[in-house]
Amino acid sequence: KDRRYRKAAILNATLSIAVPFMAGIGVGLLTHGPLAPRIDRTIYTLFCGVALAITAVPILGRICREYGLNRTPIGVVAITSAAVNDVAGWLILAGISALALATLGDGFFASRIAALAALALALRFLAVPLVDRMMAFWRTDLARGHIPHPFLAITIATAFACALATEAIGIFAIFGGFALGLVYHRHPQFVALWRGTIGQFVLVFFLPIFFTLTGLRTDIWGLGAADLPWLALILSASILAKVLPCYLAGRLSGFSKPESWLLGALMNTRALMELIVLNIAYDLGFLPQKMFTMLVLMAVVTTMMTGPLLRLILPRMGHPLPGPGAAREA
């Protein structure tokens, strides 16, 4: 069964990335003329592709926990597929950001690729052994549920250094923190402590600021009647290109029809990850105001529709529904 579920996760992850990405490119090509005529068409369409291909792992994991799906086969496949989707999305986004900031000179672009490769090698052969040694040195403190202050200071300083490095390379500061997170993620005990301390502070203090910034950039009233068909196109393409391929992946993997629809509904959740992608594209100047607003609305709609879809599908699977409080939290 484990082999079957691994194959299902790989197939679902592949289809949930490739099909929406191609659909997003199609949307970008159709909307470039009327919505983004002064923006480079290639970069614009690539950003549209990433925007439609994204699945948000954190909110998906929380929804699975609240609905009791995190230990079910379909829930495990969905979370695993979303994790692969997340990593692939970051890598694709990094490549597009580097391409967007590159000059027309081949030598300059090659130098950025070389710098990125050097950073990756430094993280693999310098950061990984250093982190392993720090984990071993402070093993007792970590076992007691405490991150030593020197360890915490080194981690935060290194995160800022990686962010500055990727910003200097030209692929946006957030990728440096993401890359360092992959180095630390090999140590679950530290990850759990980090989420319970620094992670909680980030959620309470910085996350509302990020959402406020996104809200200030979202001009819903700036959309006119002529923009509504484009909004309908974006919503339709984003939903169908996620749900239908994931349903197909579920059926090919031997899941029932309700389970396959459930898989598609879960993978259609975009949430915070989508907003990060949109803000990066907007800051780089490759996403105009109206398209930014439409894609934000798409992220909100596709995330909010997950709960009602689950409450419609789960009874057909014989799976119990959570209480009203859990549904609201999810």
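For the condition open to solvent by 60 Å² or more (accessible area, probe 1.4 Å) and either in a loop (DSSP other than H, G, I, E, B) or in contact with a Lys or Arg (Cβ under 9 Å, 6 or more places away or on another chain) (or both), what is the one hit in Arg195, Arg186?
Values: Arg195 fails: either in a loop (DSSP other than H, G, I, E, B) or in contact with a Lys or Arg (Cβ under 9 Å, 6 or more places away or on another chain) (or both).
Criteria check complete, one pass: Arg186.
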> What pairs come up if the first residue lies in the stretch 79-100 and is aromatic (Phe, Trp, Tyr), the second is part of a helix (DSSP H, G or I), and their beta carbons are under 6 Å apart, counting only those six or more places apart or on different chains?
Replying inline: Trp90/Phe178
> For the stretch 131-163, what are the residues that are in contact with a Pro (Cβ under 7 Å, 6 or more places away or on another chain) and not charged (D, E, K, R)?
Replying inline: Trp138
>> Considering only the stretch 84-97, I want to know if a residue exists there that is modelled with pLDDT of 85 or more and open to solvent by less than 10 Å² (accessible area, probe 1.4 Å).
In response: yes
>> I need the full set of residues from the stretch 23-49 which are touching a helix residue (DSSP H, G or I) at 6+ places or on another chain (Cβ under 7 Å), touching a residue at least 24 places away in the same chain (Cβ under 8 Å) and farther than 16 Å from Met294 by Cα, in order please.
In response: Ile43, Leu46
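Would you check if Thr80 is at pLDDT below 85 and out of contact with any Asp or Glu (no Cβ under 6 Å at 6 or more places or on another chain)?
no
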> If Arg38 satisfies every condition in (1) part of a helix (DSSP H, G or I); (2) over 19 Å from Phe178 (Cβ atoms); (3) out of contact with any Pro (no Cβ under 7 Å at 6 or more places or on another chain) but one, which is the exception?
Replying inline: (1)
> What is the residue count in the stretch 50-69 for residues that are under 16 Å from Met294 (Cα atoms) and either surrounded by fewer than 24 Cβ atoms within 10 Å (Cβ to Cβ) or among the charged types (D, E, K, R) (or both)?
Replying inline: 0
> What is the residue count in the stretch 148-168 for residues that are in contact (Cβ under 8 Å) with a residue 40 or more places away in the chain and either open to solvent by less than 20 Å² (accessible area, probe 1.4 Å) or in contact with a strand residue (DSSP E or B) (Cβ under 9 Å, 6 or more places away or on another chain) (or both)?
Replying inline: 2
> Which members of the stretch 214-234 meet the condition of being assigned to a helix (DSSP H, G or I) and surrounded by 13 or more Cβ atoms within 10 Å (Cβ to Cβ)?
Replying inline: Thr214, Arg217, Asp227, Trp230, Leu231, Leu233, Ile234
>> Leu284 - would you say it is open to solvent by 30 Å² or more (accessible area, probe 1.4 Å), in contact with a helix residue (DSSP H, G or I) (Cβ under 6 Å, 6 or more places away or on another chain), closer than 18 Å to Gly28 by Cα and at pLDDT 95 or above?
In response: no
>> All but one of (1) outside any helix (DSSP H, G or I); (2) over 21 Å from Ile276 (Cα atoms); (3) modelled with pLDDT under 90 hold for Thr55; state the number of the condition that does not hold.
In response: (2)
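The values are calculated or read from the model by the stated rules, or taken from the named source; none is laboratory data. Everything numeric in this text was worked out from a predicted model, so none of it was measured. Methodologically, a virtual Cβ is constructed for each residue, glycine included, from the backbone with ideal geometry; neighbour enumeration extends over all protein chains shown. Quick note on the areas: whole protein, heavy atoms, side chains included, nothing else; ligands and nucleic acids left out. Shrake-Rupley method; radii C 1.70, N 1.55, O 1.52, S 1.80 Å.
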